[in-house]
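I have placed the structure first, in the form of structure tokens, so that the comments after it can refer back to it.
Just so it is clear, none of the values below were taken in a lab; they were calculated from the coordinates. None of the values given here were measured: they were computed from a predicted structure. Cβ placement follows ideal geometry from the backbone for every residue including glycine, while neighbour counts extend to all protein chains displayed.
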Amino acid sequence: MSSAARRASRAHAHRAGLGARGLEVELRRRVRGWSPTRRDLARWASVAAGRVARGRELGVCVVGAAESRRLNARFRGRDRPTNVLSFASGEAPHPDR
């Protein structure tokens with residue numbers, strides 16, 4: 001099994017719709033420690049997106065320090081962990097590719 005397949009099998013993906021706002025949220029947890037609940041994430045995203053949320057999607061992947069460092073090095077050229085990586089709509093690469 002490839003390392004990407006192992007990571008994907010360990011990730012827990014959940015989708016939660018946000019009712020009237022119509023924002024779809026996908027949460028992937030790749031750590032055992034703290035991560036937001038689907039409900040909290042949906043609420044935060046809904047407030048942040050405001051009225052433009054309808055029909056939009058938001059993907060969030062919560063990772064540990066080692067994966068954060070790897071992703072930061074890959075996408076920003078900085079060999080250290082980071083607390084947030086964000087990509088504009090249509091630009092987000094899949095973290096396993």
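By how many nm would the segment from Asn83 to Arg56 grow when fully extended, if each residue of separation counts as 0.36 nm and the alpha-carbon distance is taken off? List each step's numbers first, then the result.
On the way: separation 27, 0.36 × 27 = 9.72 nm, distance 2.35 nm.
Stretched out fully, the Asn83 to Arg56 stretch lengthens by 7.4 nm.
Order 24-30, 71-77, 60-66 from most to least packed using the mean count of other Cβ atoms within 10 Å. Mind dumping the intermediate values first?
Values: 24-30: 19.0, 71-77: 13.4, 60-66: 15.4.
Result, highest mean Cβ count within 10 Å first: 24-30, 60-66, 71-77.
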